[in-house]
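The next block holds one structure in the form of structure tokens; read it before the comments.
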Amino acid sequence: AQSVSQHNHHVILSEAASLELGCNYSYGGTVNLFWYVQYPGQHLQLLLKYFSGDPLVKGIKGFEAEFIKSKFSFNLRKPSVQWSDTAEYFCAVNADSSNTGKLIFGQGTTLQVKP
Amino acid sequence: EADIYQTPRYLVIGTGKKITLECSQTMGHDKMYWYQQDPGMELHLIHYSYGVNSTEKGDLSSESTVSRIRTEHFPLTLESARPSHTSQYLCASSGLQGGNIQYFGAGTRLSVL
């Protein structure tokens, strides 16, 4: 069965520290990859996505992610986090050839940024 | 900002009650989804629909049912709620005009006593 694994469940950083959240998926075919973010009290929103092309994608608020096909990975990065980045981050994969758009989510990573 | 709405945001009910969680979107998306999420856990797809009068069960078995009579509306119903149904329920929609990106509602947090 397809699955998505996020390596860190809870990350605590100080402001200005660099961030990298790991995401690996298990599927050998073509995939669409997503990172969603959920700020406290808000709904899930898209941070960035990869469909094809340049494997380094840039999203909102200075986030970026790199798709490494050989490693089945799509890690999220930010050079310098801010207190406002405190949120829960979900990696998701669409590996559905029938185009239903179904997503498989990782278990999420809670990021706490200390001011 | 996506236009997808869920009501109620919070619901506390007793065992055995019938409930309907509402989800509506104004983006004309053909696909809609229901996810269940327990605290600290991943989202699990429980239902999806790729158009009017088409619904299918998701990867996680659920005792809930859904209907899709109108494009914009995708309600979820529990005929007889139980404490095991306590969870957060998230609705999402996607469509070609949105690049097949899923947009999420704010969720309904359900507690069954």
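The values are calculated or read from the model by the stated rules, or taken from the named source; none is laboratory data. Note that the coordinates shown come from a computational prediction; the quantities given were computed from them, not determined experimentally. Glycine gets a Cβ as well: all are built from the backbone with ideal geometry, and neighbour counts include every protein chain shown. All accessible areas refer to the heavy atoms of the entire protein, side chains included, with ligands and DNA or RNA removed. Shrake-Rupley method; radii C 1.70, N 1.55, O 1.52, S 1.80 Å.
Observations on the model:
- Residue, nearest to the other protein chains (Cβ to nearest Cβ), within segment B:67-109, restricted to residues that are among the basic types (K, R) and in contact (Cβ under 8 Å) with a residue 60 or more places away in the chain: B:R109
- Unique match (being open to solvent by 10 Å² or more (accessible area, probe 1.4 Å), within 12 Å of another protein chain (Cβ to nearest Cβ) and modelled with pLDDT under 95) among A:K69, A:K102: A:K102
- Cβ-Cβ distances below 6 Å connect the following pairs, each with a first residue in segment A:22-51 that is in contact (Cβ under 8 Å) with a residue 60 or more places away in the chain, a second residue that is surrounded by 13 or more Cβ atoms within 10 Å (Cβ to Cβ) and basic (K, R), and a separation of six or more residues or different chains: A:F34/A:K49.
- Among the numbered conditions (1) crowded, with 19+ Cβ neighbours inside 10 Å; (2) within 16 Å of B:P8 (Cβ to Cβ), the only one that B:T86 does not meet is (1).
- Some residue of segment A:57-80 being over 21 Å from B:I101 (Cβ atoms), in contact with a helix residue (DSSP H, G or I) (Cβ under 8 Å, 6 or more places away or on another chain) and of a type outside the set (K, R): yes
- In segment B:50-66, of all residues being buried (at least 17 other Cβ atoms within 10 Å of the Cβ) and more than 11 Å from every other protein chain (Cβ to nearest Cβ), the one that is modelled with the lowest pLDDT corresponds to B:S62.
- B:H29 vs. criteria over 17 Å from B:S111 (Cβ atoms), at pLDDT below 95, within 13 Å of chain A (Cβ to nearest Cβ) and touching a helix residue (DSSP H, G or I) at 6+ places or on another chain (Cβ under 9 Å): yes
- None of A:L33, A:L56, A:L76, A:L13 is at pLDDT 95 or above, under 30 Å from B:Y89 (Cβ atoms) and either touching a strand residue (DSSP E or B) at 6+ places or on another chain (Cβ under 7 Å) or within 12 Å of chain B (Cβ to nearest Cβ) (or both) except A:L76.
- Residue in segment B:9-26 that is closer than 23 Å to A:T109 by Cβ, part of a strand (DSSP E or B) and modelled with pLDDT of 95 or more present: no
- Residues satisfying the stated conditions in segment B:1-27, i.e. open to solvent by 50 Å² or more (accessible area, probe 1.4 Å) and in contact with an Asp or Glu (Cβ under 9 Å, 6 or more places away or on another chain): B:Y5, B:T7, B:K18, B:T26
- On the stretch given as segment B:35-49, residues that are open to solvent by less than 10 Å² (accessible area, probe 1.4 Å) and either within 11 Å of A:L103 (Cα to Cα) or of a type in the set (K, R) (or both) total 3.
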